[in-house]
1. Tell me whether the stretch 223-237 contains one or more residues that are closer than 29 Å to residue 54 by Cα, in the same structural domain as residue 54 (by TED's automatic domain parsing), open to solvent by less than 10 Å² (accessible area, probe 1.4 Å) and within 11 Å of the ligand (Cβ to nearest atom).
2. Got a number for residues in the stretch 51-94 being under 14 Å from residue 275 (Cβ atoms) and small (Gly, Ala, Ser)?
3. For the stretch 290-299, check the following and say yes or no: at least one residue is within 16 Å of the ligand (Cβ to nearest atom) and over 27 Å from residue 68 (Cβ atoms).
4. So how many residues does the stretch 14-37 have that are part of a loop (DSSP other than H, G, I, E, B), among the hydrophobic types (A, V, I, L, M, F, W, C) and under 16 Å from residue 356 (Cα atoms)?
5. In this structure, does residue 209 turn out to be within 16 Å of the ligand (Cβ to nearest atom), free of Cβ contacts under 8 Å to residues at least 60 places away in the same chain and in contact with a Pro (Cβ under 9 Å, 6 or more places away or on another chain)?
6. In the stretch 18-28, is there at least one residue being open to solvent by 100 Å² or more (accessible area, probe 1.4 Å) and at pLDDT below 95?
7. Would you be able to say whether some residue in the stretch 190-207 is more than 26 Å from residue 116 (Cβ to Cβ) and of a type in the set (Ser, Thr, Tyr)?
8. Suppose we keep only residues that are open to solvent by 10 Å² or more (accessible area, probe 1.4 Å) and in contact (Cβ under 8 Å) with a residue 12 or more places away in the chain within the stretch 248-258. Which one would you say is farthest from the ligand (Cβ to nearest atom)?
Amino acid sequence: MLNIQLAERVKNLPPYLFATIDKMKQEAISKGVDLIDLSIGDPDIPTLPHIVEAMKKAVEKPEHHRYPSYEGILLYREAVSQWYKKRFNVALDPKTEVLSLIGSKEGIGHIPLAFINPGDIVLVPSPGYPVYPVATLFAGGQSFIMPLIEENDFLPDLKSIPSDIMEKAKLMFINYPNNPTSAVAGKDFFANVIELASAFNIIICHDAAYSEIYYDNEKPLSFLELDRAKEVGIEFHSLSKTYNMTGWRIGFAVGNKDVIAGLGKIKTNLDSGIFQAIQEAGITALNTQDETLSEIRSIYQSRKDILYEGLKNIGILSRKPKASFYLWAKVPDGFDSSGFVSHLLENAGVLGTPGVGFGAPGEGYIRFALTQPAERISEAVQRIGKVL
Ligand SMILES: *Cc1c(COP(=O)(O)O)cnc(C)c1O
């Protein structure tokens, strides 16, 4: 018999805080509870039909059946560059400043391997997407937590980071529109980030997975819209949330060509790129009419209004989201975030995500995802109202 031992990097993974919730969820389902699941950030709306049609045609082409190139077919990277120009008025060289990704999670997970040596510091927002600290850990780096708190509009307080940490930091993750807090960042914040990055030689990785899910026609910024942003970093984008394509696994990274090349080096050695038929369908996705995307946004907007107003009326407070499909609400007095999630699951059949699952500074909050139809969301509000 072998004595099979997990590697230290796996043993050192933080405990999976959603495990108990998953178990309770399965129990509720097996008991026949009519569960309203507002815990997952995965669109319930199917992939847009014109993209599915493009995929059907693409899959028939034998030239797509062979290994793709790791950096993505040039036509896909050109489509990304054109989309960027149109959406943000930022010019990108498709050959050197655009890289295709097997979902943006893949690029976020791999980037520390390209730039972090053991012991190097990575600045990580918390609450936040768990891949940032885990990818840092896998590369042997150390996360320095930047708490996102309401008093600072859920932006990291850059001035509070000690200068010895700044000296040692090699990379910083930021994410706006933000998951889980739904906060957005303005030009001033990004300008401060760029100034700090150039002063301390820190690579900025901005995760913009929710750039196209916004309300009241207030379009979120790209980090690369700011002067000199391209000198200090890259931006991650995803087709998952914008076009309801989470299962397809396609995204991209854009920006600083040396950072893009470093990430590309890791990828050449680990994966062989995205199925070319998916890239071809991705080109069709990127050329989707604005009106079609507006329709999706208005679906989320009405759900958001029902949830925000409904919860406010029963005393559960949150900031009104300007973007993303999440609502980040304060848990009522007398509960911690996990306790409140269990209470709602057991007594109302409504599932949210405990804020603490996104990192300690998320304690005291619950995240609701707008990934259920409006009727189910109003029903959830009614049921919550009865058990407060
Ligand atoms: C969903 C999500 C991603 C990853 O999306 P992919 O499907 O891997 O492209 C990245 N960052 C955040 C914050 C997300 O919520």
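The values are calculated or read from the model by the stated rules, or taken from the named source; none is laboratory data. Note that the structure is predicted; figures quoted are calculated from it, not measured. Cβ placement follows ideal geometry from the backbone for every residue including glycine, while neighbour counts extend to all protein chains displayed. Surface areas here come from the heavy atoms of the whole protein model, side chains and all, with no ligands, DNA or RNA. Shrake-Rupley method; radii C 1.70, N 1.55, O 1.52, S 1.80 Å.
1. Looking for residues that are closer than 29 Å to residue 54 by Cα, in the same structural domain as residue 54 (by TED's automatic domain parsing), open to solvent by less than 10 Å² (accessible area, probe 1.4 Å) and within 11 Å of the ligand (Cβ to nearest atom), one finds at least one in the stretch 223-237, hence yes.
2. Number of matching residues: 4.
3. In the first step, residues of the stretch 290-299 are kept if they are within 16 Å of the ligand (Cβ to nearest atom); the result is 296.
Among the residues that remain, those that are also over 27 Å from residue 68 (Cβ atoms) are: 296.
Yes; the residues of the stretch 290-299 include at least one that is within 16 Å of the ligand (Cβ to nearest atom) and over 27 Å from residue 68 (Cβ atoms).
4. First pass over the stretch 14-37, keeping only residues part of a loop (DSSP other than H, G, I, E, B): 14-18, 31-35.
Applying the additional criterion that residues be among the hydrophobic types (A, V, I, L, M, F, W, C) yields 17-18, 33, 35.
After this cut, where a residue has to be under 16 Å from residue 356 (Cα atoms) as well, the list is 17-18.
Here the count works out to 2.
5. Values: within 16 Å of the ligand (Cβ to nearest atom): yes; free of Cβ contacts under 8 Å to residues at least 60 places away in the same chain: no; in contact with a Pro (Cβ under 9 Å, 6 or more places away or on another chain): yes.
For residue 209, the condition - within 16 Å of the ligand (Cβ to nearest atom), free of Cβ contacts under 8 Å to residues at least 60 places away in the same chain and in contact with a Pro (Cβ under 9 Å, 6 or more places away or on another chain) - is not met.
6. Here is the first cut: in the stretch 18-28, the ones open to solvent by 100 Å² or more (accessible area, probe 1.4 Å) are 23, 26.
This time we only want the ones that are at pLDDT below 95, so: 23, 26.
Yes, the conditions are met somewhere in the stretch 18-28.
7. So the first thing to find is which residues in the stretch 190-207 are more than 26 Å from residue 116 (Cβ to Cβ), and the list is none.
No, the stretch 190-207 has no match at all.
8. Start the filter on the stretch 248-258 by keeping residues that are open to solvent by 10 Å² or more (accessible area, probe 1.4 Å), which leaves 248-249, 256-258.
Filter once more, keeping what is in contact (Cβ under 8 Å) with a residue 12 or more places away in the chain: 248-249, 256-257.
Details: 248: 9, 249: 7, 256: 19, 257: 22 Å.
Out of the qualifying residues, it is 257.
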